[in-house]
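For reference, the structure discussed in these notes is given below.
The values are calculated or read from the model by the stated rules, or taken from the named source; none is laboratory data. Please read these numbers as outputs of a predicted model, since none were measured by experiment. For neighbour counting, all protein chains shown are included, and Cβ atoms are generated from backbone atoms with ideal geometry for every residue, glycine included. Side chains are part of the model used for accessible areas, which takes the heavy atoms of the whole protein and leaves out ligands, DNA and RNA. Shrake-Rupley method; radii C 1.70, N 1.55, O 1.52, S 1.80 Å.
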Amino acid sequence: MLVDNIDLAMVNWARAQFALTAMFHWVFVPLTLGLSFLVAFFESLYVRTGNPEWKRITRFWMSLFGINFAIGVATGIILEFEFGTNWSNYSWMVGDIFGAPLAVEGIFAFFIEATFFAVMFFGWDRVSKGFHLLSTWLVAIGSNLSALWILVANGWMQYPVGMAFNPDKARFEMQSFWEVLFSPVAVSKFTHATTSSFQLAALFVVGVSSWFLLTGRHHTLAKRSILVASVFGLLSSGFVAFTGDEAAFTDARVQPMKLAAFEGLYQGERGAGLTAIGILNPAKAPADDQDPFLVAVKVPGLLSLLANREPGSFVPGIRDLIYGNPAEGIVGIDQKIGRGRQAVSALAAYTAATAAGEAAGRAAALTAFQQHQDFFGYGFLASPEQAVPPVALTFYAFHVMVALGAFFPVLFLLFLVWTMKDTIAGKHWLLRLGVISIFLGYLASQAGWIVAEVGRQPWAIQNLLPVTVARSNLTAGAVQTTFFLFLALFGLLFLAEIRIMLRRIAQGPASF
């Protein structure tokens, strides 16, 4: 075994530190992804119409994009370093695969961003309108290409394809870059994360513009910004619904435990209902017969339709996945653990035979390992119940995300209609709701990230590498110390970001 003694306290502190860093980083990323395109739209309108008001609008939102972009890059670099510090076994075992998308991001996406970012910010009146507009669009495309490669890497962790295990080095190695790039999970994660980021950026622009209208300032900028952002947000909301449905469908294929967790589905059933609203029973355990909900409102049959595209089909629950369901052809995790342990033992025998120069023993051990290698990660689980993610957190995060995702298009539609009628300035209740919706957008975005990452626990690499094995050999105290250092650092950076953004918003477009 790669790790003989597992320090769970260290693992949990490492998890907490990574979650802290990832969620802090994700505060900045979605706004960058969406606002970059909105800035490109505003500038396109300026170039097309020649109206200097559109230029002022472009430069105002571009200044907010720049502040957010700078801090987002800094936090992303910290995140990548944590793979080496707290997750060195993970880095060793999958570095050949995980590193490739990150390298492509550095070569192509950062190259585009870094090259044209300077032109975008400092090239006004120094380059032609057309070249400046091209630079703005390339920064938007480059920013989203950065997200593509990060999400390809993350998608591979959720659905490892295009690779093979090298028993001599005890590591996974890439066999097909294209299979990694175009895996259904990678495509699903990229499209859903980017479109939901467009939605958040549209909420940000609508919210800040609403504040301007409530305070009686910058009416022209506010109305024009709301008009463009509402259309962008409305279109993005349609794509968010479509890509979200595809993401859930993909989860049903490759991560059924995650689907069961975010639906609170313990006992699988045919014609399973979709839980619209529910309060989980906190005393519920997978093996008991208690009702999983204290209160629940379900839409009959809809979960089967969404998960399998087939009404009346079977959707496995947590209990089926843990203990197996022979009638539905589902192998229980207790059986997978048995096969995983055989794979781990065979790999140890292979390593020993190789070191001793025993060719026959080496071949026999390799054959035994290959028979069970698909269950390799299960060999490190102590019990079947360890394969269940935190159900309550995953369930509530998912339902908060979906509820807000259904609310946002209605909000965008109301803003669009009353802005087109030029009565938006008098709708104070809607303007206040627009300001509040900035925070709701961030809440939905963070909830989505929780569903994706908490819902796949306990795996660092789905079915192959649990987080307890992926971690570094550090003490809990060492990770705990750096956790609080990061917490303090991120707190200061967050306060600085908020202060700078608020000051820039308070100044408005007057200085341009």
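Details
- Net lengthening on full extension, A241/Q370 (0.36 nm per residue, minus Cα-Cα): 42.4 nm
- Additional length obtainable on full extension of the chain from A392 to R504, 0.36 nm per residue less Cα span: 36.4 nm
- Within the chain, helix-based [θ] at 222 nm, where runs of 4 or more DSSP H residues each add -39,500 (n - 2.57), nearest 500: -24500 deg cm²/dmol
- Computed about its Cα centre, the charge dipole of segment 167-259 is approximately 460 debye, with only Lys, Arg, Asp and Glu carrying charge at their Cβ.
- Protein accessible area in segment 41-139, 1.4 Å probe - carbon and sulfur %: 72 percent
- Placing a pseudo-label 7 Å from each Cα along the Cα-to-Cβ vector at D125 and I279 gives an inter-label distance of 6.2 nm.
- Overall Cα dimensions of segment 7-89, principal axis frame, Å, largest first: 63, 16, 14
- In the context of the full set of protein chains, segment 470-512 has a per residue accessible area of 59 Å² (1.4 Å probe).
- Calculated P(r) tail over 17 Å for segment 309-435, as whole % of Cα pairs: 74 percent
- For K169, a cut-off of 13 angstrom between C-alpha atoms picks up these aspartates and glutamates, skipping any fewer than 8 places away in its own chain: D96.
- Rounded to the nearest 0.05, the FRET efficiency derived from the C-beta distance between H428 and A496 at R0 = 25 Å is 0.20.
- Magnitude of the charge dipole for the chain, about its Cα centre and with charges confined to Cβ atoms of Lys, Arg (+1) and Asp, Glu (-1), is about 1820 debye.
- Under the combined filter of DSSP loop state and at most 15 neighbouring Cβ atoms within 10 Å, segment 182-223 retains these chymotrypsin sites (Phe, Trp or Tyr not before Pro): F182.
- Calculated FRET efficiency, F484 to M23, Cβ-Cβ distance, R0 = 22 Å: about 0.85 to the nearest 0.05.
- Spin-label model, L134 to V299: label points 7 Å out along the Cα-to-beta-carbon direction sit 4.7 nm apart.
- Candidates per trypsin sites (Lys or Arg not before Pro) in segment 304-386, loop by DSSP, up to 15 other Cβ within 10 Å: R309
- Estimated D of segment 47-144 in µm² per second, where Rh is the Kirkwood radius over Cα pairs and Stokes-Einstein applies at 20 °C, 1.002 mPa s: 137 µm²/s
- Partners for K223 among lysines (Cα-Cα distance below 26 Å; same-chain residues under 8 apart left out): K55, K129, K421, K427
- Relative intensity, log₁₀ I(q)/I(0), of segment 117-269 from a Debye sum that treats every alpha carbon as a point, q = 0.19, 0.20 Å⁻¹: -1.18, -1.23
- Remark: C-alpha extents of segment 180-241 on the principal axes read 51, 15, 14 Å, sorted largest to smallest.
- Rel. contact order, % - alpha carbon contacts under 8 angstrom, at least six apart, segment 324-426: 27 percent
- Debye log10 I(q)/I(0) at q = 0.08, 0.09 Å⁻¹ for the chain, Cα point scatterers: -0.57, -0.71
- DSSP H segments from the chain that extend 27 Å or more along their own axis, Cα-based, with Kyte-Doolittle mean of -1.0 or above: 8-49, 52-85, 129-158, 184-214, 219-254, 333-356, 391-420, 428-454, 476-507
- Computed with the Debye formula from one identical point scatterer per Cα of segment 405-467, without solvent, the log10 of I(q)/I(0) at q = 0.17, 0.29 Å⁻¹ comes to -0.67, -1.15.
- Length-normalised contact order of the chain in % [C-alpha pairs under 8 Å, at least 6 apart]: 21 percent
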